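Computed from the coordinates by the stated procedures, all read-outs in this text should not be read as laboratory data. Computed from a predicted model, the values in this text were never measured in an experiment. All Cβ positions, even for glycine, are placed from backbone atoms using ideal geometry, and neighbour counts span all protein chains on display.
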Amino acid sequence: MKYIILSPMSKKQRGALLLAALCLVWWLLDSFVFWKEVAEQRYVLHTLAEIRVLCHSRQQGRQAINTAFAKMKELEEKFNYFDPGSELSRINQNAFRQEMPLSGDMNAILTLALAGSEISGGTFDITITPISRLYGFGTEQKQKPDQRNIQNQMQGVGWQKVRLDSQKQTVRLLHSRTQLDLGGIAKGYAVDQAVETLQRHGIRHALVNAGGNIFALGQKRGKPWRIAIRDPRAVEKTLQVFELSDEACATSGDYEQYFVADGQRYSHIFNPQTGRPANLENELASVTVIADSAARADLLSTACFVLGVEKSSIFPEKKFFYKANAD
């Protein structure tokens, strides 16, 4: 019988073997197999929001989620149109008479909103508030106004009536009837801020959803996150499913905030040029936009809902359109 005598490993060989073993252990710990999935829902920004994370421990996930929701709540308090003590309300009350200082978040969201107005030709406009209130949105008494009242209130509408100095972090409103409402971008902005908060807590894979304004961070166990678009006329029905990874999407439509008068549906999204509900002009029921940030997806979905299918081609982002009369 022959024996093979193995020579002892050199120090270099032992080091290489140890390094390989450590790499294997690290790969196993970092693989999705051992990761925990933690999710929580809370009511914030006037909608049900959900944050779902993949992490090494449930404690890490809960801490990250709590901090992200705290940031979203902070933004809600600043951006709330209906709270007379909010930063937005103070702007609406005083910015026609004097220059108003802005918090960092207010300066950032106004910068994004006005840039969105410019690139969309004014179809996204945070000054549409007088028209929205004229139709009764945000109140208990929704109504179809006459054309004279619409034209009267249109005097305060127009994003050029907002003078923002982003360097000084101040804003002025240039017409006494101009009022700001951040409803068309606030949820998207808050989702982006929540994602940044999660990342600061070491989270690399998460899904943040605030009323259909979604950011998909990383992946879900090695695969992109799957997003479903609901049928605007049948809640239980799905029209489209797509995948997202490090991208956002948002949907605007005529199916959640609306009223019916004389057999006609009046949605809460208005054409800032005409003062009419956008769904009356383009017969769209919903628009979903995929973008690199939730704030951009949020404002572009509104702009595309106003523009309609053909004119929305000015934006390179991927879009899904559904018409009100589609089968």
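Worth pointing out:
- Added length on full extension, which subtracts the Cα-Cα distance from 0.36 nm per residue, Q41 to Q60: 5.2 nm
- When each of K220/K311; K144/K311; K144/K168; K73/K142; K71/K311 is checked by Cα-Cα distance, pairs over 32 Å: K220/K311; K144/K168; K71/K311
- Sorted by Cβ neighbour density within 10 Å, fewest at the top, the residues L300, L134: L134, L300
- Added length on full extension, which subtracts the Cα-Cα distance from 0.36 nm per residue, Q257 to A234: 6.8 nm
- Against the chain, whose longest principal axis comes from its Cα atoms, helix 104-119 is set at around 70 degrees.
- Stretch gain in nm, segment Q273-E196, where the contour uses 0.36 nm per residue and the Cα spacing is subtracted: 24.2 nm
- Neighbour-count order for H175, H205, fewest beta carbons within 10 angstrom listed first: H175, H205
- Candidate aspartates and glutamates for bridging to K161, where Cα separation is under 12 Å - those fewer than 8 sequence places away on the same chain excluded: D125
- CD proxy at 222 nm, helix term only [per DSSP H run n ≥ 4: -39500 (n - 2.57); per residue of the chain; nearest 500]: -10500 deg cm²/dmol
- Using the average count of surrounding beta-carbon atoms within 10 Å as a protection proxy, the listed peptides 70-77, 91-98 rank, highest first, as 70-77, 91-98.
- Computed over the chain: relative contact order in percent, which uses C-alpha pairs under 8 Å that are six or more apart: 16
- In degrees, nearest ten, helix 186-200 long axis to first principal axis of the chain (Cα): 20
- For a straight C-alpha distance cut-off of 14 angstrom, the aspartates and glutamates reachable from K237 (same-chain residues fewer than eight places away being disregarded) are D327.
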